[in-house]
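The values are calculated or read from the model by the stated rules, or taken from the named source; none is laboratory data. All values reported here derive from a predicted model rather than from experimental measurement. Note: ideal-geometry Cβ built from the backbone for every residue, glycine included; neighbour counts use all protein chains shown. The area values use the complete protein model at the heavy-atom level, side chains included, leaving out ligands, DNA and RNA. Shrake-Rupley method; radii C 1.70, N 1.55, O 1.52, S 1.80 Å.
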Amino acid sequence: MRAVTVTLDDLRNSRNAVITRTEAAAALGVDPRTITASIDNGTIPSVRLGRRVVIPREKFLHLFADTASEGSGSY
């Protein structure tokens, strides 16, 4: 099995409509089982295509949108 190296920036620049659980896990630096659990509990949106489960790229990225520019800049 080959290692997947994907970052959130890679996903932002991608033109693919969906991403896999493996890609999402690599971008977040977590185990793919964490992504599966988050899909199962509804935290991460997903779409079932036959037997395959994929994640809509834009909805996934929206979960990690940069909110620093929305506020006053203070943390």
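Using the structure shown, decide if Arg33 is modelled with pLDDT of 95 or more and not in a strand (DSSP E or B). Spell out the reasoning first.
On the way: modelled with pLDDT of 95 or more: yes; not in a strand (DSSP E or B): yes.
Yes: the conditions hold for Arg33.
For region 4-15, which positions are open to solvent by 90 Å² or more (accessible area, probe 1.4 Å) and either of a type in the set (Val, Ile, Thr) or outside any helix (DSSP H, G or I) (or both)?
Selection gives Thr5, Arg15.
List the pairs whose first member sits in region 39-61 and is farther than 13 Å from Ala25 by Cβ and outside any loop (DSSP other than H, G, I, E, B), whose second member is modelled with pLDDT under 95 and not small (Gly, Ala, Ser), and whose Cβ atoms are under 7 Å apart, counting only residues at least 6 apart or on separate chains?
Listed pairs, sorted by first residue: Arg57/Leu11; Leu61/Leu11; Leu61/Arg12.
Which one of the conditions (1) of a type in the set (S, T, N, Q); (2) touching a helix residue (DSSP H, G or I) at 6+ places or on another chain (Cβ under 6 Å); (3) modelled with pLDDT under 95 does Ser46 fail to meet, given that it meets all the rest?
In the conditions (1) of a type in the set (S, T, N, Q); (2) touching a helix residue (DSSP H, G or I) at 6+ places or on another chain (Cβ under 6 Å); (3) modelled with pLDDT under 95, Ser46 misses (3) alone.
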